[in-house]
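Notes follow the structure.
The values are calculated or read from the model by the stated rules, or taken from the named source; none is laboratory data. Small disclaimer: the values here were computed from a predicted structure and weren't measured. Ideal geometry is used to build each Cβ from the backbone, glycine not excepted, and the neighbour counts take in all protein chains shown.
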Amino acid sequence: KFEKIWLIFGVTTLIIFLTVIGVSAFYLGNQPPSCLATVNPENVDTTAPFNEPGLKKVEGKEWDYELVFVASAFSYNPGKVEVPLGAKVKVIATTKDVIHGFEVAGTNINMMLEPGFISEYVTTFDKAGEFLIVCNEYCGVGHHTMTSKIEVI
Ligand code: CUA
């Protein structure tokens with residue numbers, strides 16, 4: 001008897017959750033945070049700024065540099081990059097295939113890269129050293145080998 005009550009309770013809760021997720025996803029057009037613009041995943045290599053991955057000095061913006069990354073299973077381009085100490089950098093990243101993570105260990109950068117979307121984050125590198133970039137979204141058999149490195153000098 002009690003089992004039946006719990007079963008009904010459980011199923012009802014499940015339906016409520018699914019409804020909420022469904023409504024927010026389809027009606028409100030929910031997008032994961034930090035995904036501001038879109039890019040066609042098939043044209044990433046020929047679309048600026050992703051046609052030139054790496055660090056670039058910029059003028060007249062709130063940040064001094066733009067650091068562009070392209071992720072694809074199972075690596076990042078560039079595989080290693082040097083950033084001057086104290087630089088205010090806008091990190092701009094996307095993925096060519098599946099969802100990847102973009103976590104820079106020891107910093108406050110932690111983004112989700114989704115096909116079709118551009119993830120951006122502005123930060124200042126005020127600590128010298130090597131910072132490992134890791135993928136924290138499971139993306140396939142090579143997931144654990146997917147890394148890059150930011151060297152702040
Ligand atoms: Cu890319 Cu996990």
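Here are some notes:
- Residues that are within 29 Å of residue 60 (Cβ to Cβ) and basic (Lys, Arg) were ranked within region 83-116; the one that is farthest from the ligand (Cβ to nearest atom) is 88.
- Of all the criteria given as (1) buried (at least 18 other Cβ atoms within 10 Å of the Cβ); (2) within 15 Å of the ligand (Cβ to nearest atom), the one not satisfied by residue 125 is (2).
- Counting only residues that are under 8 Å from the mean Cα position of the chain (by Cα), over 15 Å from residue 39 (Cα atoms) and among the hydrophobic types (A, V, I, L, M, F, W, C), region 93-111 holds 2 of them.
- Selection count where residues are among the β-branched types (Val, Ile, Thr), surrounded by 12 or more Cβ atoms within 10 Å (Cβ to Cβ) and at pLDDT below 70, scope region 18-52: 0
- Pick from region 129-153, criterion of a type in the set (Ser, Thr, Tyr) and more than 8 Å from the ligand (Cβ to nearest atom), ranking: surrounded by the fewest Cβ atoms within 10 Å (Cβ to Cβ): 145
- Among (1) in contact (Cβ under 8 Å) with a residue 12 or more places away in the chain; (2) over 23 Å from residue 37 (Cβ atoms); (3) not in a strand (DSSP E or B) - the single one residue 149 does not satisfy: (3)
- Hey, residue 62 charged (D, E, K, R), more than 16 Å from the ligand (Cβ to nearest atom) and without any contact (Cβ under 8 Å) to a residue 40 or more places away in the chain or not: no
- Looking across region 74-97, the residues that are assigned to a loop (DSSP other than H, G, I, E, B), surrounded by fewer than 17 Cβ atoms within 10 Å (Cβ to Cβ) and either on the phi < 0 side of the Ramachandran plot or not assigned by TED's automatic domain parsing to the domain that holds residue 123 (or both) come down to 79, 80, 84, 85, 97.
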